[in-house]
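For reference, the structure discussed in these notes is given below.
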Amino acid sequence: MRTELEIERKYLIRMPDVAALAAMPGCVIWDVEQTYLDRGADGSSRRIRKIEVGGAVKHVFTRKRRVDEMSCEETEGEISPEEYADLAKQADPARRPVAKRRYRIPYEGQLLEVDVYRFWSDRATLEIELKDESQQVKLPEWLDVIREVTGEDAYKNLNLALHVPMEPIGGQA
């Protein structure tokens, strides 16, 4: 397990052309199912992920403790399928698993992570990890950004497992 500070910005975007994303140079596609576990004794969020990349499957455990709006202390590491199954027994019964397809695309020295969820047909999210909170974000013109949602609890995956925001975007239902 490694522990590091995760600093990221998150944006709500209109549903992109996923075929165009997949065709971008360097794009790697992850099919992710993440399950949130009961909170840690220190109040941290805990999750397990099953990630399929090009037919290979890996299992990952993550513990996050929020530091501020953009940053959290993250401890993460690969676990065995047996550990995954054992931890799955600690799933938070109030939260459903979150399934998404993640398009990881290098762009101007950044890694764009576009998450397309099964529960939305009109929107997706974009995450960009930063080296520090003052780093400038370069948003590509080919993504239609609705707004930044970095500080909005409703768009954290932990909360998407509880409730999916469905407010109209740009006049759409």
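The values are calculated or read from the model by the stated rules, or taken from the named source; none is laboratory data. Every value quoted in this text rests on a predicted model; they were computed, and no experiment measured them. Here Cβ is always computed from backbone atoms with ideal geometry, including for glycine, and neighbour counts include all displayed protein chains. These area figures cover heavy atoms from the full protein model, side chains too; ligands, DNA and RNA do not enter into them. Shrake-Rupley method; radii C 1.70, N 1.55, O 1.52, S 1.80 Å.
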Residue with peak Gaussian network fluctuation, the chain [Cα springs, cutoff 10 Å], from SER71, SER134, SER45 = SER134
Using modelled backbone amide H atoms (1.01 Å from N, in-plane), which distant-in-sequence or interchain residues come within less than 5 Å of LEU37's amide H?
-> ARG46, ARG47, ILE48, ASP92
Report the full-extension gain for the segment GLN90 to PHE119: residue separation times 0.36 nm, less the Cα-Cα distance, to one decimal in nm.
-> 8.0 nm
Among the GluC sites (Glu not before Pro) in segment 140-173, which ones are in a DSSP loop with at most 10 other Cβ atoms within 10 Å of the Cβ? Mind listing them?
-> GLU141
Please work out the C-alpha center-to-center distance from segment 52-103 to segment 114-155 and express it in whole Å.
-> 19
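If you average the sequence gap of Cα pairs under 8 Å that are 6 or more apart and divide by the length of segment 49-173, what percent do you get for the contact order? Show your work: numbers first, answer last.
Values: 127 pairs, mean separation 20.0, N = 125.
This gives 16 percent for segment 49-173.
Could you compute how fast the chain diffuses translationally, taking Rh as the Kirkwood radius over C-alpha pairs and applying Stokes-Einstein at 4 °C with viscosity 1.567 mPa s? Give it in µm² per second. Mind showing how you got there, number by number?
Values: Rh = 16.9 Å.
Translational D for this selection: 76 µm²/s.
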In whole Hz, with x marking every Gly and Pro, tabulate ³J(HN,Hα) for segment 5-22 from phi via Karplus 6.51 cos²θ - 1.76 cosθ + 1.60, θ = phi - 60°.
-> 8, 9, 10, 8, 10, 10, 10, 8, 10, 5, 3, x, 6, 5, 5, 5, 4, 4
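Expected output is a single nm value to one decimal: the length gained when fully extending between ASP144 and GLU4, i.e. 0.36 nm times separation in residues minus the C-alpha distance. What is it? Walk me through the numbers before you get to the answer.
Values: separation 140, 0.36 × 140 = 50.40 nm, distance 3.07 nm.
Stretched fully, the ASP144-GLU4 segment lengthens by 47.3 nm.
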For segment 125-137, in order, what is each residue's ³J(HN,Hα) by Karplus, 6.51 cos²θ - 1.76 cosθ + 1.60 with θ = phi - 60°, in whole Hz (x at glycine and Pro)?
-> 10, 10, 10, 10, 7, 10, 6, 8, 5, 8, 4, 6, 9
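How high is the relative contact order of segment 45-115? Use alpha-carbon pairs under 8 Å, at least six apart in sequence, and give a whole percent. Intermediate results must be reported in sequence, preceding the final value.
Values: 82 pairs, mean separation 14.0, N = 71.
Value for segment 45-115: 20 percent.
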Taking H as built 1.01 Å from N, whose amide H comes closer than 5 Å to the amide H of THR150, not counting residues under 5 places away?
-> LYS10
When the accessible area of the chain is computed with all protein chains present and a 1.4 Å probe, what percentage of it is carbon and sulfur?
-> 50
Under a point-charge model restricted to the Cβ atoms of Lys and Arg (+1) and Asp and Glu (-1), what is the dipole moment magnitude of segment 5-105 relative to its Cα centre, in debye to the nearest 20?
-> 380
Within a Gaussian network of the chain (alpha carbon springs, distance under 10 Å), most fluctuating of GLN90, GLN135, GLN110 = GLN135
Mind giving me the nanometre distance, one decimal, between the label points for CYS27 and ARG65, set 7 Å out from Cα along Cα→Cβ?
-> 3.9
Student exercise, segment 1-49 dipole from Lys, Arg, Asp, Glu Cβ charges, in Debye to nearest 20 | 100
